[in-house]
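Below is one structure, written out as structure tokens; comments come after it.
Values quoted throughout were computed directly from the atomic coordinates according to the rules given, and no laboratory measurement underlies them. This one's a predicted model, so the numbers in the text were calculated from it and none came from an experiment. Here the Cβ is made from the backbone with ideal geometry for all residues, glycine too, and neighbour counts use every protein chain on show.
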Amino acid sequence: MLKNGENMKQIERKLQIGVMGSAGDVRYSKAAEQAAYRLGQQVAVAGAILFFGAEKDVDSLSTAACRGAKSKGGLTVGVTYDKGKGIVQRDADIIIPCGLVRGGGRELVLSLACDSIICISGGSGTLTEIAVAYQADIPVVGLRGYGGCTDEYVGRYIDSRKRMKVIEANSPEEAVKLAVREGRRYRKYFEKG
């Protein structure tokens, strides 16, 4: 309910920042897991909602980010494949089963739900999330130094259309600062009205 003197334009919803990265079957490093955890913490500290790829069978860098956000009292939303809500990260606040398969469907829903995304390491699922964001003009920040498709595309365009580069970040703190800035720009542009 609006308070006296407020209108809908004065009430701003929280930014929705996704953290995407390797699943456990890709064998990421302990350093990557710690960086993902710090990303989640920083998203929570920034007052944004963390969106992540909720896994049913393996841990991931996304679920590490969820744990980090929860450690700082952040709100977390996990998008998972198939129909059930049973996931690895048990303390997520909201679970959205998209009813779609892993390998395209879930990644589409997850990326489109975000105002900006941060990628760390990653395999084909992360690459799909980056490509969906690129097609939808959603800013992508890549945390450099942990390998995977993120390091392949950071600082580069995804294709010859040259819509936007994957923005380089060298620390979790810098990545979240950039994701907040770019997410606000994205929302300002796409939520006119």
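Roughly what % of DSSP beta bridges within the chain run antiparallel, to the nearest 5?
The answer is about 5 percent antiparallel.
Only one of the listed values, (1) -1.61; (2) -1.15; (3) -1.28, was derived from the coordinates as log10 I(q)/I(0) by the Debye sum over Cα atoms at q = 0.19 Å⁻¹; which label is it?
Recomputing log10 I(q)/I(0) by the Debye sum over Cα atoms at q = 0.19 Å⁻¹ here gives the entry labelled (3).
Just want the ordering: T128, T80, T150, from fewest to most Cβ atoms lying within 10 Å of their own Cβ.
If I rank by nearby Cβ atoms, fewest first, I get T128, T80, T150.
Given the peptides 62-72, 22-32, 172-182, arrange them by the average over their residues of other C-beta atoms within 10 Å, most packed first.
62-72, 172-182, 22-32
Below 8 Å between Cα atoms, with a sequence gap of 6+, how large is the relative contact order for region 37-153 in percent?
About 19 percent, as a whole number.
For G99, what is the net charge nearby, where nearby means another residue's Cβ is under 15 Å from its Cβ and Lys, Arg count +1, Asp, Glu -1?
Charge balance near G99 sits at +3.
Are there any chymotrypsin sites (Phe, Trp or Tyr not before Pro) in region 93-167 that are in a DSSP loop and have at most 13 other Cβ atoms within 10 Å? List them by number.
Y157
Within region 32-54, list the residues whose amide N lies under 18 Å from a label point set 7 Å along Cα→Cβ of F190.
From region 32-54, the list is 48-53.
For the residues L143, L108, what sequence is obtained by ranking on other C-beta atoms within 10 Å, fewest first?
Taking fewest neighbouring Cβ atoms as first place, the list is L108, L143.
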